[in-house]
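Following: one structure in structure tokens, then a few remarks.
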Amino acid sequence: MAAAGAYAQQRAVVSINSGWQFHKGDLQGFPAIRDASTQWEQVNLPHTWNTDDVADDSAGYYRGPGWYTKRVYVNSSWHNKAVYISFEGAGQVAEVYVNGRKAGTHIGGYTGFAFPIQQYLSFGDSAVTANDISVWVDNSHNEDIAPLGADFTFYGGIYRDVYLVATDSIHVNMDDRGGPGVVVSTPFVSASKASVVVKGAVTNPGYVPKNISVLTTIVDAAGTLIDRRLTAIQALPGNTSFTHTFETISSPHLWTLDNPYLYRVLTTVIEDGTRVIDQVNQPLGFRWFRFDANDGFYLNGEHTKLIGVNRHQDYKGLGNAVPDVLHVKDMELLKAMGCNFVRIAHYPQDPAVLEACDRLGILASVETPIVNRITESAAFAQNCKNMQTEMIRQNINHPSVIIWAYMNEVLLQPRYEAASAERAAYYDHVYQLAKDLDSLTRLEDSSRYTMIPCHGDFNTYHNVAHLTSVPQLVGWNLYQGWYGGEFADFGKFLDMHHRILPNKPVLVTEFGADADSRLHNFSPERFDKTAEYANRYHQNYLPAIQERDFVAGAFIWNLAEFNSEGRAEATPHINTKGLMTADRIPKDNYYYYQSQLVKYPYVAIGSQYWKNRAGVAVGDSALYCVQPLEIYTNQPEIIVKHNGVTLDTVAAENGVAKVDVPFVNGINEVEAIAPGHHDTTVHSVANINFTLVPADLKSTALPFTELHVSLGDKRYFTDELTGTTWLPERAYKAGAWGYTGGKVFSLGKGSAIPYGTNRNINGTTLDPLYQTQRTGLDYFRADVPDGVYTVTLHFCELLSNKEQETLAYNLGNDKGAKGKEVVPGRQFNVWVNDVQALQGLSNANMLQSLQPFTTTVRLEVYDGKGIVINFLPVKGESILNAVD
Ligand code: GCB
């Protein structure tokens with residue numbers, strides 16, 4: 001049996017990612033492709049056609065067909081082999097053609113698929129032969145294909161890797177819904193012994209039965225043989241199945257979170273007793289786990305609190321076309337944060353993700369993309385079932401996977417009027433589909449748990465529609481203190497779950513708050529999108545999760561910011577609940593969780609990325625401004641130094657040490673040190689450039705240079721590109737600066753946001769600056785010393801003639817601002833000292849809805865008059881959004 005050694009002949013699995021031609025849009029029939037008159041763009045995979053249209057300011061992105069074509073040079077020795085083309089995924093319907101002949105169609109944007117193409121290939125006499133592969137991909141909306149709507153962008157294109165697979169004509173089944181053709185299970189695992197069952201099938205495409213052998217080999221992480229089974233089988237035309245059972249693997253190395261030990265299972269097909277003709281290699285991890293409605297979760301018998309994040313396959317500038325290395329990096333960032341759990345939401349992701357989870361020791365929940373609503377059609381149900389089956393078959397051998405989920409917040413956008421007969425029938429329909437998917441899942445794989453991520457409360461939606469009774473685990477997406485309610489309601493909700501569904505293990509499948517890194521508020525309010533509010537949110541949630549044993553685990557929403565083209569935000573089209581920005585710069589809560597989850601001494605200064613701050617000196621002759629800083633640590637107290645001088649020793653509460661820093665003009669080095677660890681690296685340094693605005697603008701000790709103010713705003717807004725920080729507005733005081741008269745613009749009672757609007761302001765990236773304003777003001781004054789000044793005024797009409805939008809993702813809290821707005825037709829004049837800066841500025845000229853308008857005036861200030869910006873209304877109220 002020498003030839004059947006562990007790593008003998010493998011199948012050829014070769015990527016064909018490079019050098020594709022892409023055409024956006026459809027073509028007149030297949031033969032037109034490769035036509036020189038058609039416009040082609042050279043691309044490499046992974047590729048999506050939506051990176052530009054999601055990056056621009058306008059709403060919406062291309063949803064339609066596109067063509068890819070490529071000439072591949074196929075090894076002529078493959079002429080008597082089985083050759084497949086294997087896609088890790090394409091968004092969302094794909095038709096594959098080889099030399100003009102259709103090889104197959106796949107529906108669904110998030111699972112892989114493979115088609116046999118041997119019969120369409122041509123082979124010549126030379127070493128390689130040219131063959132043309134063309135792929136039609138379409139990401140159009142289709143009511144029969146999930147997801148129908150969701151808070152993320154449905155990117156189109158071949159956005160994952162593509163491979164050619166060549167193996168013997170007799171081979172391990174490749175027609176397994178994109179799966180490996182081999183299922184490895186561990187019916188029994190304990191610390192002293194484990195059993196393994198390997199099931200699979202061998203494909204014989206011919207008409208004549210063939211005698212072959214199948215060898216299953218288990219090797220440890222070092223490649224040392226642990227055990228093997230050999231069976232002679234007669235491979236009949238079509239598929240012939242085999243099962244190999246290993247009753248006892250003694251003293252298995254367990255797969256744990258700290259030591260995710262991986263064995264491998266090699267399935268080898270042997271011809272003539274010695275010749276290896278195909279081999280498939282799958283991971284094997286020995287672990288056992290269980291969920292308990294009272295105690296939470298146990299891994300290998302150990303009570304384990306699952307704390308993790310949700311993860312989208314999205315990266316700044318790349319959309320969903322994320323290379324493997326960045327998928328892996330995300331899992332490394334997650335592990336480094338101290339997490340032990342990931343919810344791969346809302347759809348199966350690149351194979352690299354679960355491979356990384358297996359290797360790094362991260363448990364995973366994976367789900368199909370049935371989000372917000374369903375279609376009551378047989379085709380929709382069938383597509384959902386296909387996706388569920390493909391997800392399971394393709395990922396079943398990963399030891400990291402413990403949950404198969406489906407239907408995220410499926411009642412968020414219910415069809416039909418509330419309380420109508422149609423609504424009741426619709427709920428029944430959803431319930432039936434849930435039951436079908438749940439039983440399908442348990443039949444495919446009884447070793448994992450099923451889960452539905454629900455939303456709403458107990459008197460509405462999921463519980464009423466009986467969806468909480470279907471899966472083994474109930475997940476709740478909870479945003480108390482964000483979309484509505486208060487932080488304390490979060491714990492109350494969980495306790496209610498435990499009371500009302502005492503036998504149902506529970507996970508918090510989502511919780512999070514938006515934080516635009518450019519916005520700060522030291523007295524944050526719900527929905528102000530500042531880092532500080534999000535910090536409070538998470539600092540309230542984590543203890544509530546930790547102190548409830550019955551809560552098996554929780555997933556933060558989301559690891560990183562991601563694109564959601566339909567979203568109106570401080571950063572339009574971006575969901576900013578990520579713990580990191582879209583290019584993976586950690587925000588405060590990444591550090592906060594890290595401090596609470598890692599086991600080594602830890603300290604990190606919060607808001608390190610906020611490098612250009614500004615503020616007003618504390619008194620007329622003072623040369624500093626006090627601003628708070630949070631320091632995240634698992635140590636009892638922290639020594640804080642400021643520009644080399646020890647400032648204070650502060651005690652940490654709930655992992656947070658808060659310190660007031662007297663920032664001076666210019667560079668401020670803040671250092672946080674955990675006492676007792678001076679010689680180690682348990683310290684954190686932040687270098688902050690501070691623009692100190694004098695309290696008395698005519699101060700000689702601190703000469704005035706610049707002032708930037710965001711009107712109608714209580715937040716600081718920083719544009720790190722220019723290093724400018726706009727201060728929140730304040731009322732004018734003699735000697736200083738501020739507005740007189742008017743009020744803060746607000747969309748009114750019931751609006752989700754406390755002030756301003758969250759609508760997209762077109763043609764600028766400084767949206768937060770224009771999203772707030774003061775209306776009806778009389779003056780803006782700054783008592784600056786004499787000199788030459790540049791005054792820039794920023795305006796934006798925030799009202800439009802359309803319905804106010806309700807928030808799409810307010811999770812059942814339907815109290816968003818509603819009603820028709822009317823652009824007021826305002827008109828006003830602006831004088832800056834004795835210069836008429838604007839005459840008749842109105843909605844009929846430069847003040848167009850949601851368009852920024854900026855003007856700059858250069859003037860000489862003399863006779864100690866300071867700067868007075870005078871607003872003189874002709875019709876309606878004057879406005880001002882920001883001033884520099
Ligand atoms: C949810 C959804 C998720 C959204 C998130 C949010 O409940 O499941 O897709 O992105 O809320 O940020 O609103």
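The values are calculated or read from the model by the stated rules, or taken from the named source; none is laboratory data. Quick caveat: nothing in here was measured; it's all calculated off a predicted structure. Cβ sites come from the backbone with ideal geometry, for glycine too, and all protein chains shown count toward neighbours.
Condition check ((1) within 30 Å of GLU729 (Cα to Cα); (2) surrounded by 20 or more Cβ atoms within 10 Å (Cβ to Cβ); (3) aromatic (Phe, Trp, Tyr)) across all residues:
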position	(1), (2), (3)
HIS520	yes, yes, no
SER523	yes, no, no
ARG526	yes, no, no
THR530	yes, yes, no
ARG536	yes, no, no
LEU542	no, yes, no
PHE550	no, no, yes
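Please go through the stretch 702-753 and give me each residue that is under 29 Å from GLY484 (Cα atoms) and outside any loop (DSSP other than H, G, I, E, B), ordered by number.
SER710, TYR716, PHE717, THR718, TRP726, LEU727, PRO728, LYS743, VAL744, SER746
Restricting to the stretch 357-398, what's the tally of residues that are surrounded by fewer than 24 Cβ atoms within 10 Å (Cβ to Cβ), at negative phi, in a loop (DSSP other than H, G, I, E, B) and not β-branched (Val, Ile, Thr)?
Number of matching residues: 5.
Residue by residue, here is whether (1) aliphatic (A, V, I, L, M); (2) without any contact (Cβ under 8 Å) to a residue 24 or more places away in the chain; (3) over 19 Å from TYR263 (Cα atoms) holds:
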position	(1), (2), (3)
ALA194	yes, no, no
VAL198	yes, no, no
VAL202	yes, no, yes
LYS210	no, no, yes
SER213	no, no, yes
ALA221	yes, no, no
PRO237	no, no, yes
SER241	no, no, yes
HIS244	no, no, no
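Listed here are the residues, each with its yes/no results for (1) of a type in the set (D, E, K, R); (2) closer than 30 Å to GLY475 by Cα; (3) assigned to a strand (DSSP E or B).
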{"position": "HIS244", "(1), (2), (3)": "no, no, yes"}
{"position": "LEU257", "(1), (2), (3)": "no, yes, no"}
{"position": "LEU266", "(1), (2), (3)": "no, no, yes"}
{"position": "ILE270", "(1), (2), (3)": "no, no, yes"}
{"position": "ARG290", "(1), (2), (3)": "yes, yes, yes"}
{"position": "PHE297", "(1), (2), (3)": "no, yes, yes"}
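Of the numbered conditions (1) acidic (Asp, Glu); (2) within 30 Å of PRO543 (Cα to Cα); (3) assigned to a loop (DSSP other than H, G, I, E, B), ASP696 satisfies every one except a single condition; which is it?
That leaves (2) as the condition not met.
So is VAL72 assigned to a strand (DSSP E or B) and either of a type outside the set (A, V, I, L, M) or over 23 Å from ASN395 (Cα atoms) (or both) or not?
Values: assigned to a strand (DSSP E or B): yes; either of a type outside the set (A, V, I, L, M) or over 23 Å from ASN395 (Cα atoms) (or both): yes.
The answer is yes for VAL72.
Considering each residue of the stretch 387-423, count those that are of a type in the set (Gly, Ala, Ser) and closer than 18 Å to HIS455 by Cα, and give that number.
2
Give GLN92, GLN119 a once-over and let me know the one that is of a type in the set (S, T, N, Q) and free of Cβ contacts under 8 Å to residues at least 40 places away in the same chain.
Unique residue meeting the criteria: GLN119.
Could you tell me whether the stretch 537-545 includes any residue that is within 14 Å of the ligand (Cβ to nearest atom), in contact (Cβ under 8 Å) with a residue 60 or more places away in the chain and assigned to a helix (DSSP H, G or I)?
no
SER439 passes all but one of (1) assigned to a helix (DSSP H, G or I); (2) more than 29 Å from THR186 (Cβ to Cβ); (3) not charged (D, E, K, R); which number fails?
All conditions pass for SER439, except number (2).
Being in contact with a strand residue (DSSP E or B) (Cβ under 7 Å, 6 or more places away or on another chain) and among the acidic types (Asp, Glu) narrows it down to one residue among GLU409, GLU355, GLU390; which is it?
Of the residues listed, the single one that is in contact with a strand residue (DSSP E or B) (Cβ under 7 Å, 6 or more places away or on another chain) and among the acidic types (Asp, Glu) is GLU409.
Would you mention how many residues in the stretch 135-144 are surrounded by fewer than 24 Cβ atoms within 10 Å (Cβ to Cβ) and either under 21 Å from CYS384 (Cα atoms) or under 25 Å from the mean Cα position of the chain (by Cα) (or both)?
So the count comes out to 6.
Anything in the stretch 320-350 that is within 16 Å of the ligand (Cβ to nearest atom) and of a type outside the set (Val, Ile, Thr)? List them, or say none.
Those that are within 16 Å of the ligand (Cβ to nearest atom) and of a type outside the set (Val, Ile, Thr): ASN320, ARG343, ALA345, HIS346, TYR347, PRO348, GLN349.
Are any residues in the stretch 35-71 more than 22 Å from GLY763 (Cα to Cα), buried (at least 22 other Cβ atoms within 10 Å of the Cβ) and among the polar types (S, T, N, Q), and if so, which ones?
The answer is THR48, and nothing else.
Regarding the stretch 120-129, can at least one residue be identified that is farther than 17 Å from PRO65 by Cα, more than 16 Å from the ligand (Cβ to nearest atom), part of a strand (DSSP E or B) and out of contact with any Asp or Glu (no Cβ under 9 Å at 6 or more places or on another chain)?
Yes: one or more hits.
Confirm whether ALA531 is of a type in the set (A, V, I, L, M) and within 16 Å of the ligand (Cβ to nearest atom).
Considered against the rule, which asks whether it is of a type in the set (A, V, I, L, M) and within 16 Å of the ligand (Cβ to nearest atom), ALA531 comes out as no.
Of all residues in the stretch 319-356, which are over 20 Å from ILE585 (Cβ atoms) and either part of a helix (DSSP H, G or I) or at pLDDT below 95 (or both)?
ASP324, PRO351, ALA352, VAL353, LEU354, GLU355, ALA356
Sort out which residues of the stretch 611-648 are in a loop (DSSP other than H, G, I, E, B) and either of a type in the set (Val, Ile, Thr) or touching a helix residue (DSSP H, G or I) at 6+ places or on another chain (Cβ under 7 Å) (or both), and write them in order of number.
Listed by number, the residues that qualify are VAL618, ASN634.
Which count do you get for residues in the stretch 351-388 that are within 16 Å of the ligand (Cβ to nearest atom) and basic (Lys, Arg)?
In the first step, residues of the stretch 351-388 are kept if they are within 16 Å of the ligand (Cβ to nearest atom); the result is 365-374.
Still in the list and also basic (Lys, Arg): 373.
Summing the residues that are within 16 Å of the ligand (Cβ to nearest atom) and basic (Lys, Arg) in the stretch 351-388 gives 1.
Starting from residues that are of a type in the set (Gly, Ala, Ser) and part of a loop (DSSP other than H, G, I, E, B), keep the ones in the stretch 559-599 and report whichever is nearest to the ligand (Cβ to nearest atom).
By that ranking, first place goes to SER564.
I'm checking my understanding of the structure. Among residues of the stretch 397-415 that are within 12 Å of the ligand (Cβ to nearest atom) and in contact (Cβ under 8 Å) with a residue 60 or more places away in the chain, which one is farthest from PRO187 (Cα to Cα)?
Checking each candidate, the answer is GLN413.
Can you tell me which residues in the stretch 300-318 are buried (at least 24 other Cβ atoms within 10 Å of the Cβ) and either in a helix (DSSP H, G or I) or more than 16 Å from the ligand (Cβ to nearest atom) (or both)?
Within the stretch 300-318, just LEU306 meets the criteria.
Taking into account only those residues within the stretch 472-507 that are part of a loop (DSSP other than H, G, I, E, B) and within 16 Å of the ligand (Cβ to nearest atom), which is surrounded by the fewest Cβ atoms within 10 Å (Cβ to Cβ)?
So the residue we want is GLY485.
Would you be able to say whether some residue in the stretch 122-140 is touching a helix residue (DSSP H, G or I) at 6+ places or on another chain (Cβ under 9 Å), at positive phi and touching a residue at least 12 places away in the same chain (Cβ under 8 Å)?
No, that holds for no residue.
May I ask you to list the residues in the stretch 598-610 that are in contact with a helix residue (DSSP H, G or I) (Cβ under 9 Å, 6 or more places away or on another chain), over 30 Å from TRP737 (Cβ atoms) and not small (Gly, Ala, Ser)?
The answer is VAL598, TYR602, VAL603, ILE605.
So which residues in the stretch 508-521 are part of a loop (DSSP other than H, G, I, E, B) and either under 13 Å from the mean Cα position of the chain (by Cα) or within 16 Å of the ligand (Cβ to nearest atom) (or both)?
Once the filter is applied, which keeps residues that are part of a loop (DSSP other than H, G, I, E, B) and either under 13 Å from the mean Cα position of the chain (by Cα) or within 16 Å of the ligand (Cβ to nearest atom) (or both), the stretch 508-521 yields PHE511, GLY512, ALA513, ASP514, ALA515, ASP516.
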